[in-house]
Amino acid sequence: MRFATRAVHAGQRPDQATGAVMPPIYQTATYVQPPEGKTTAYEYGRATNPTRTVLESNLASLEGASHGIAFASGMSATDAILRALRPGDHIVASEDMYGGNYRYLKLVLAPMGVKVTFTDLTSVDVFAQAVTPRTKVIWVESPTNPLIQIVDLGAVCACAQSVGAALVVDNTFASPYLQQPLSLGADLVLHSTTKYLGGHSDIVGGFVCTNNREWAEHLRFQVKCVGAIPGPMDCFLALRGTKTLHIRMERHCANARKIAVYLDRHPKVARVNYPGLESHPGHALAKSQMNDFGGMLSMTLKISSSSEARRVLQSLRVFAFAESLGGVESLAGHPATMSHGALSPEERAQLGVTDNLVRLSVGIEDADDLLEDLEQALSRI
């Protein structure tokens with residue numbers, strides 16, 4: 001089946017008891033055990049839940065994976081992967097990455113004895129020098145957050161394989177509709193289902209998929225032992241979201257292209273980071289490994305302070321000045337004080353997260369209304 005059909009149907013069938021088209025919400029903590037000699041996939045709600053199973057099967061199908069494991073959040077999914085590392089192990093990660101992951105690697109993982117190297121994964125020569133025989137994981141976002149850079153996943157995969165490291169790709173910004181990293185050589189693919197997969201800003205969740213049985217067993221062990229699981233209602237809502245993923249992503253991409261072109265020509269915008277622009281350094285690469293360029297972009301305004309940037313953002317009327325991304329509604333954020341606010345000014349400067357950087361999650365509203373909203377907000381500079 002093709003993507004759109006799998007998005008609607010994969011992992012699902014009408015309920016055998018009632019014929020209900022949508023999978024039931026199994027709001028239960030435990031299950032009656034079968035007679036002696038028979039087995040069941042369900043014993044206790046922390047380990048497994050039928051609604052969660054349907055979601056995991058659906059998302060694994062969209063990524064072309066054999067195994068899928070759902071979590072309570074993207075951060076709990078990150079934590080479950082990295083619990084495989086031990087003191088003395090080494091991880092190489094993109095220096096341009098979600099601030100929450102940066103914080104986790106530096107303030108949680110590193111103090112546990114895992115060496116962490118942040119580097120420029122957009123440069124083959126640079127990241128190859130960061131990899132050592134002790135490197136166990138290479139952690140990639142593409143597109144990256146918040147500078148919207150594009151990483152050559154095939155090249156990073158070859159580097160990872162040369163030292164036996166696992167390549168983890170955070171595919172949240174692209175979604176499986178635009179990019180399927182397992183087909184490009186990734187070992188694990190991670191999502192915050194809070195974002196495009198859920199699509200309606202009404203759940204928090206995470207997901208990891210893989211074709212590697214040992215990694216799948218490690219992740220399910222973490223689910224059972226640590227218990228960072230999504231509730232059945234969250235799984236149901238995420239599954240509802242995937243049914244329209246392909247349609248929503250097409251509109252996200254179309255609107256983002258129009259906005260990127262407009263901002264690229266705006267006299268009060270110094271720079272636009274969007275791979276759909278031919279001027280973007282990763283344009284050709286994105287075109288080769290993605291089906292479209294996504295709904296995320298960032299821009300550098302011709303201002304000098306965080307207060308000025310926030311004043312512009314607070315004047316928006318259609319865009320909401322808020323955390324998160326990937327919902328049907330357009331959101332505008334200020335990375336320096338939001339997603340990367342826990343970093344020191346020196347760390348933000350080193351990463352390129354400047355006070356005048358603004359990130360946009362372009363929704364599915366009418367593009368002209370979004371353009372008019374940006375114009376009236378930028379007129380305040």
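Here, each number is a calculation from the coordinates, and none is a lab measurement. Just so we're clear, the structure is a prediction, and the values are computed from it rather than from any experiment. Reconstructed Cβ throughout: ideal geometry from the backbone, glycine too, with neighbour counts over all protein chains shown.
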Check: Once the Cα atoms of helix 213-226 and of the chain are each reduced to a long axis, what angle between those two axes, in degrees from 0 to 90 to the nearest 10, is obtained?
Finding: 90 degrees
Check: For the residue pair Q161 and R265, what label-to-label distance in nm results when each label sits 7 Å from Cα along the Cα-to-beta-carbon direction?
Finding: 4.4 nm
Notebook entry, point to check: So for V32, V223, V362, fewest C-beta neighbours within 10 Å to most, what's the order?
Noted result: V32, V223, V362
Checklist line | Choice from M290, M22, M249 with maximal GNM fluctuation in the chain (Cα, 10 Å cutoff) | finding: M22
Note to self: With 10 angstrom as the radius, rank C253, C225 by how many other C-beta atoms surround their C-beta, starting from the fewest.
What the structure shows: C225, C253
Note to self: Here are labelled values, (i) 26, 47, 21, 5, 0; (ii) 31, 62, 7, 0; (iii) 29, 57, 14, 1, and one is the computed P(r) over Cα pairs in 20 Å bins from 0, in percent for what I pasted. Which one?
What the structure shows: (iii)
Check: For the chain, modelled as a GNM with alpha-carbon contacts under 10 angstrom, which of H334, H200, H266 fluctuates the most?
Finding: H266
Checklist line | Point-to-point label distance, A4-R46, nm (Cα→Cβ direction, 7 Å offset) | finding: 4.4 nm
Notebook entry, point to check: Just I203, I303, I81 to compare: in a GNM of the chain, with alpha carbon springs under 10 Å, which one fluctuates most?
Noted result: I303
Check: K106 to A20: extension gain in nm, 0.36 nm per residue of separation minus the Cα-Cα distance?
Finding: 26.2 nm
Check: Gain in length, T354 to K224, computed as 0.36 nm per residue apart minus the alpha-carbon separation, to one decimal in nm?
Finding: 42.7 nm
Margin query: With 10 angstrom as the radius, rank H246, H252 by how many other C-beta atoms surround their C-beta, starting from the fewest.
Written below: H246, H252
Note to self: Tell me the angle of helix 153-163 to the major Cα principal axis of the chain, expressed in degrees between 0 and 90 and rounded to the nearest ten.
What the structure shows: 60 degrees
Notebook entry, point to check: So which trypsin sites (Lys or Arg not before Pro) in region 209-289 pass both tests, a DSSP loop state and at most 13 other Cβ atoms within 10 Å of the Cβ?
Noted result: R265
